[in-house]
Structures are given as C-alpha cells and as structure tokens.
Amino acid sequence: MGPAGRSCRRGEDPKQSLVRELREELGITASEPSSPPIHEIRTATFDMQIWLIDKWTGIPVNAAPDEHDAVAWFETADLDSLRLAHESYLSMLTAVLAT
C-alpha cells in the first residue's frame, strides 16, 4: 500500500499535480489546497509533501489498479498490519497522524 499521487509532470507545480493525481488515481475532484503541506519528507531518494484534503467531490475508488492493489480507509491502530510499498511509509504515516 502506498499513497496516491507520486509525481509532478514537467511544468506542473505540486498543487496542480496533487489535484490531477487525486482525479487519476482515486477518481475524485478536489480544489488546489490553499494551505501549505502539513508534512514534508526529504530523503536521498525522494521528496514527498503531505497535504490535508478534507473536501472533494466523488467517492474514492481505485481508479488506477495498475498502480494500487486497493484503496481503503483504516484506523491508526491498524498501521502496523498494513503491507506498505516502502519501508519509510510507516514512520511517515505515524508522524503525519501525530500532527
């Protein structure tokens, strides 16, 4: 399991990329966020921004089954049991949920 929205296209800023990726991968329509990311992670292999999106149109579905096995809501207590796509995701999710 991994987060939706992983890459900016050439000429696209992170907010535009987020809106596009949410539409392509989850089938929802969201406005560009007006606030900065709630968390940022920078490593030697990737940079990731975590945004709070609390309003959207549509029902989240797995609109990109070639990229995601499933889309699901889960409780914080379930984090340890998730099969995550990258070893850093558990600490990232824990840090984000603690904010």
- Task: Mind telling me which of the residues T99, T43, T76 ends up being β-branched (V, I, T) and without any contact (Cβ under 8 Å) to a residue 24 or more places away in the chain?
- Result: T76
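Only one of T29, T94, T57, T45 is surrounded by fewer than 11 Cβ atoms within 10 Å (Cβ to Cβ), more than 17 Å from S7 (Cα to Cα) and of a type in the set (V, I, T). Can you tell me which?
T57
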- Query: Condition test on E87, is it of a type in the set (D, E) and either modelled with pLDDT of 85 or more or on the phi > 0 side of the Ramachandran plot (or both)?
  - Reply: no
- Query: Within the stretch 85-92, is there a residue that is among the small types (G, A, S) and either touching an Asp or Glu at 6+ places or on another chain (Cβ under 7 Å) or not in a loop (DSSP other than H, G, I, E, B) (or both)?
  - Reply: yes
- Message: With the structure loaded, tell me whether D78 is over 23 Å from R9 (Cβ atoms) and either assigned to a strand (DSSP E or B) or not polar (S, T, N, Q) (or both) or whether it fails that test.
- Response: yes
- Answer yes or no as to whether V71 is of a type outside the set (D, E, K, R), surrounded by 14 or more Cβ atoms within 10 Å (Cβ to Cβ), outside any helix (DSSP H, G or I) and touching a residue at least 12 places away in the same chain (Cβ under 8 Å). yes
- If you scan the stretch 9-44, which residues turn out to be in contact with a Ser or Thr (Cβ under 9 Å, 6 or more places away or on another chain) and in a loop (DSSP other than H, G, I, E, B)? R9, I28, A30, I38, T43
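The values are calculated or read from the model by the stated rules, or taken from the named source; none is laboratory data. All of these numbers come straight from a predicted model, not from anything done at the bench. Don't worry about glycine lacking a Cβ; one is built from the backbone with ideal geometry, like all the others, and counts go over all protein chains shown.
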